Amino acid sequence: MVYITGDIHGSLEPIYDLFTRHSPTKDDIIVILGDVGVNYTGTLQDIRIKRAMNKLESIFFCIHGNHENRPQNIASYQEKEWHGGRVMYEEDFQNILFPVDGDIFDIDGKKCIVIGGAYSVDKFYRLRNGYKWWPDEQPSASIKEYVEKQISENKVDIVFSHTCPAKYIPTECFLSGIDQSRVDNSTEEWLDNIEDKLEYEAWYLGHWHTDKRIDKMHFLFHGVEVL
């Protein structure tokens, strides 16, 4: 079984709630659609969360968000093949996997492409207050080029991303006090073009802290869906 949920930001409560309601086993996969928060502080706090997730035994398939460091930047991560694509993992926490952006995975008989990253509207707040922020939070030009190549050469059934195409941006989720004219929506605008080129069955995303559905676009926060 493949369970899909949204951002947890380093909180174990949504994960424990998922396990209480659905009782996934070690053979099941839990997709977290970004902002997992296990690579955020770079301290023992991250390790504490990883240890707790490791004990749950199910596979955690973690899309890259904008409130976490990319595992490619962390020395303890290594790469391996998994379900037809590449994932980053740590030897001590082998059930916590971060897929490489643009790779296509064969999951439950579906071809699933992963497209992580987004812009942080709280970027300047975090920088002013000494919180973590990473300049590579959004997909780079090379990642975008790779994604475009992948979708031109391969069939895609499912999209797992952190944010949504621009046409679906849920304006009701905008945070008060944020000057939207200063928000960088380039990733969402690029995803508009990606969606236009795809014939997909479903698109799952997090980032916006809402649970809703627009056509084939599934927004998830603490809600849980089955692939």
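The values are calculated or read from the model by the stated rules, or taken from the named source; none is laboratory data. Predicted model, so just to flag it, every value in this text is computed and none were measured. Please note: Cβ atoms are built from the backbone with ideal geometry, for glycine as well, and neighbour counts cover all protein chains shown.
Taken as a whole, the structure leaves residue 51 outside the set of residues that are surrounded by 14 or more Cβ atoms within 10 Å (Cβ to Cβ), at pLDDT 95 or above and at negative phi.
A search for C-beta distances below 7 Å between a residue of region 90-106 that is closer than 16 Å to residue 28 by Cα and touching a residue at least 12 places away in the same chain (Cβ under 8 Å) and any residue that is of a type in the set (A, V, I, L, M, F, W, C) and assigned to a loop (DSSP other than H, G, I, E, B), counting only pairs 6+ apart in sequence or on different chains, returns 96/38. Elements of the type strands (runs of 3 or more DSSP E) sitting completely within region 86-155 and holding at least 1 residues that are of a type outside the set (Gly, Ala, Ser) and farther than 22 Å from residue 76 by Cα: these cover 104-107, 110-115. Inspection of region 54-73 identifies at least one residue that is part of a strand (DSSP E or B) and of a type in the set (Val, Ile, Thr).
Is it the case, given these coordinates, that residue 26 is over 19 Å from residue 132 (Cα atoms) and either part of a loop (DSSP other than H, G, I, E, B) or touching a strand residue (DSSP E or B) at 6+ places or on another chain (Cβ under 9 Å) (or both)? Taking the combined requirement at face value, the residue satisfies it. Applying a threshold of 6 Å to beta carbon distances and a minimum spacing of six or more residues, or different chains, the list of pairs starting in region 201-212 at a residue that is of a type in the set (Val, Ile, Thr) and ending at one that is surrounded by fewer than 22 Cβ atoms within 10 Å (Cβ to Cβ) reads 210/170; 210/173; 210/221.
Summed over region 151-180, the residues that are under 30 Å from residue 85 (Cα atoms) and either hydrophobic (A, V, I, L, M, F, W, C) or crowded, with 19+ Cβ neighbours inside 10 Å (or both) give a count of 14.
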